[in-house]
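Engineer: Before I ask anything, here is the structure I am working with.
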Amino acid sequence: MAVPRGLYVLFLLAICEGFEHVCQQCDCFVSEGSKERGVRNIKPRCNEGSIRWRNPNGGLRVQLHAGYTSDFRACFAVDATNIAVKVSQEFVINSDNQISSHRSSYLHAVAITTNRTKEICIPSSSSYPSVLLYLETERLQHQSGVQKVTFHYVMEPIRSNRLLYNPMEEECRPCDPRELVRAYCSSDFVVTGKMTAVTHLDDLDRTKMDVEVTRVIRQKGQLFTYFREDQSLRGSMVAPRHCGVEYGVGDFLFTGYLRLGHMAISCSPYLSEWRQVLTAALADGTMECEVD
């Protein structure tokens, strides 16, 4: 797959063929069983999920349409293993149906990767109430192993030209006591542990924190990996690169949520600080959930 001189190059695409609809669930799995190239249509019914594409051959059309009465934006990230993948936004010309067997459209390339893209967000509009994306792949020379692509997506509403709360875009500041209590009671994961490494991923605009977990208070699914060698529980979390997260020594409370296939950190105070907040919240009745 040759990278165009300007990644954001517009080009016309005339389409007159039948497409196979393969999934209308929140999370989809597509496995190519033949060498014949084709185009598969995906129309997720949820505002958040993932599409796993094994042995990709041909293309995927993904129509993201949120159940909001207002405008929204679709955010996504793509993981590629042993294959190159190109993601384009598709704009349908003179058609009332964005997925149709006969139409003309043009593609606007937004990402090419052989690894993982950064988070990309595209707003809807009155002209294009759905965000329609086209994924195409190309085999890599001298590459062995299973080829797969994972497309993570989330749709978020927009109000008065301002997005509703998006933790990944909040100011990089410590959480106040009320926010700590809320994070403890409502996050997708709440654990105690230590940092083992911090890596700045400039190409993804993220910082990755590797942690060793000493106690799991809550987690959504199985997010952390158990290592038999040293009987440790480990995982990796991400934060915006511009927050300038650095390695810290000591015991922490880590809280956060799942976003586009990653564990995104929200509040991460020292454990001693959290114990002070917890003691005060229990004393004045502001604790929002039960504590073991």
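Engineer: Sorted by packing (mean other beta-carbon atoms within 10 Å per residue), highest first, where do 210-218, 83-91 land?
Structural biologist: Result, highest mean first: 83-91, 210-218.
Engineer: Where a Cα-Cα gap under 29 Å defines reach, which lysines qualify for LYS148, not counting those fewer than 8 residues away within the same chain?
Structural biologist: LYS35, LYS43, LYS86, LYS118, LYS208, LYS220
Engineer: Still on this model: What is the sum of charges around VAL62, taking Lys and Arg as +1, Asp and Glu as -1, for the other residues whose C-beta is under 10 Å from the C-beta of VAL62?
Structural biologist: +2
Engineer: Continuing with this model, one more query. What residues have an amide H closer than 5 Å to that of GLN147, excluding those fewer than 5 places away on the same chain, when H is modeled at 1.01 Å from N in the peptide plane?
Structural biologist: When sequence neighbours closer than 5 places are left aside, the close amide H contacts are ASN55.
Engineer: What net charge is computed for the residues neighbouring GLY193, neighbours being all others with C-beta under 13 Å from the C-beta of GLY193, Lys and Arg scored +1, Asp and Glu -1?
Structural biologist: Combined, the nearby Lys, Arg, Asp and Glu give 0.
Engineer: Tell me the carbon and sulfur percent of the accessible area for region 139-292, rounded to whole percent, probe radius 1.4 Å.
Structural biologist: That fraction is 48 percent.
Engineer: Oh, and also: Ordered by packing density, taken as the mean number of other Cβ atoms within 10 Å over each peptide's residues, highest first, how do 276-286, 57-67 rank?
Structural biologist: 57-67, 276-286
Engineer: Over region 198-267, average the accessible area per residue using a 1.4 Å probe and give it in Å², no decimals.
Structural biologist: Result: 53 Å² of accessible area for each residue.
The values are calculated or read from the model by the stated rules, or taken from the named source; none is laboratory data. Given the structure is predicted, the values throughout are model-derived calculations rather than measurements. Methodologically, a virtual Cβ is constructed for each residue, glycine included, from the backbone with ideal geometry; neighbour enumeration extends over all protein chains shown. Heads up: the accessible areas ignore ligands, DNA and RNA and are worked out on the full protein's heavy atoms, side chains in. Shrake-Rupley method; radii C 1.70, N 1.55, O 1.52, S 1.80 Å.
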